[in-house]
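The values are calculated or read from the model by the stated rules, or taken from the named source; none is laboratory data. Predicted model only: the values in this text are computed from it and were never measured. Glycine also receives a Cβ, built like all others from the backbone with ideal geometry; neighbour counts cover every protein chain displayed. In case anyone asks, the SASA skips ligands and DNA or RNA and just uses the protein heavy atoms, side chains included. Shrake-Rupley method; radii C 1.70, N 1.55, O 1.52, S 1.80 Å.
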Amino acid sequence: MNSDKQINIVLIDDHKLFREGVRRILDFEPSFNVVAEGDDGAMATKLVKEHNPDVVLMDINMPNMNGVQATADLIRLFPTTNVIILSIHDDESYVTHALKTGAQGYLLKEMDSNALIDAIKVVSEGGSYLHPKVTHNLVQEYRRLSKESASRSTDNAIEYHRPLHILTKRECEVLQLLADGKSNRSVAETLFISEKTVKNHVSNILQKMNVNDRTQAVVTAIRKGWVEVV
């Protein structure tokens, strides 16, 4: 990732106080440039057309036009637009709907500043980013469906085995913790390593598994039986 690249951002949220807080966080990051703000989903198309941002931060609940509807319009008119949904909802149905609409990120408003900064950098490069709690809920739903499928056909039951043929022992440990819904910070605390080391492990895991993001890595790992399903 090119740390010198200027990332232009449009911020859409109807709560002025929250928007100002996010703006202050973004202003501290040298590579970020908030080019426009709006308080209604209907303004998103106009602002994106005018400023051609790299990333749009979009609140999910707004009057007149909500964030999911606005995202659908943006993706239809500007297919390369990178949208991160900001939401208070961690329910799997909200997340799935937003991602199907075309959003590349989904963050809960309880996020810390590091998660917001990481998400913007990842999504600006074409990747996807989900809040760890959201990832955990999606994984839990996938596990439930996997268990139902296995109970219907015991011949297809997946036996757990570590993927030591492609990952190191430490990377397997990190992958398991990602599947447990742990954030980078939580993984670091659990394994008594630095957060930077965790990020390096995650990057290596994604490369070795040939996937684009943590969620794809976890879902693939569950499907192949590389992590324990509790």
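For the reader, a short list of remarks on this structure follows.
- Enumeration of residues in the stretch 103-129 that are in contact with a strand residue (DSSP E or B) (Cβ under 8 Å, 6 or more places away or on another chain), open to solvent by 20 Å² or more (accessible area, probe 1.4 Å) and not β-branched (Val, Ile, Thr): GLN104, LYS109, ASP118, LYS121, SER128, TYR129
- Being of a type in the set (A, V, I, L, M, F, W, C), assigned by the TED database to the domain that holds LEU130 and part of a loop (DSSP other than H, G, I, E, B) is a property that holds for MET62.
- If you filter the stretch 186-215 down to residues that are in contact (Cβ under 8 Å) with a residue 40 or more places away in the chain and either in the same structural domain as GLU125 (by the TED database) or within 18 Å of HIS131 (Cβ to Cβ) (or both), you find that the one that is surrounded by the fewest Cβ atoms within 10 Å (Cβ to Cβ) is ASN212.
- Where a residue in the stretch 218-230 is farther than 12 Å from ASP180 by Cα and its partner, wherever it lies, is modelled with pLDDT of 80 or more and of a type in the set (Ser, Thr, Tyr), with Cβ under 8 Å and at least six apart: TRP226/THR220
- Scanning the stretch 161-176 for residues that are open to solvent by 20 Å² or more (accessible area, probe 1.4 Å) and among the aliphatic types (A, V, I, L, M) gives LEU164, ILE166.
- Checking HIS15, HIS51 one by one, the residue that is in the same structural domain as LEU108 (by the TED database), touching a residue at least 40 places away in the same chain (Cβ under 8 Å) and under 16 Å from SER87 (Cα atoms) is HIS15 and no other.
- The stretch 61-70 - residue that is at pLDDT below 90 and of a type in the set (A, V, I, L, M, F, W, C) and, of those, farthest from the chain's Cα centre (by Cα): MET65
- Taken together, the residues in the stretch 155-197 that are of a type outside the set (A, V, I, L, M) and modelled with pLDDT of 90 or more amount to 13.
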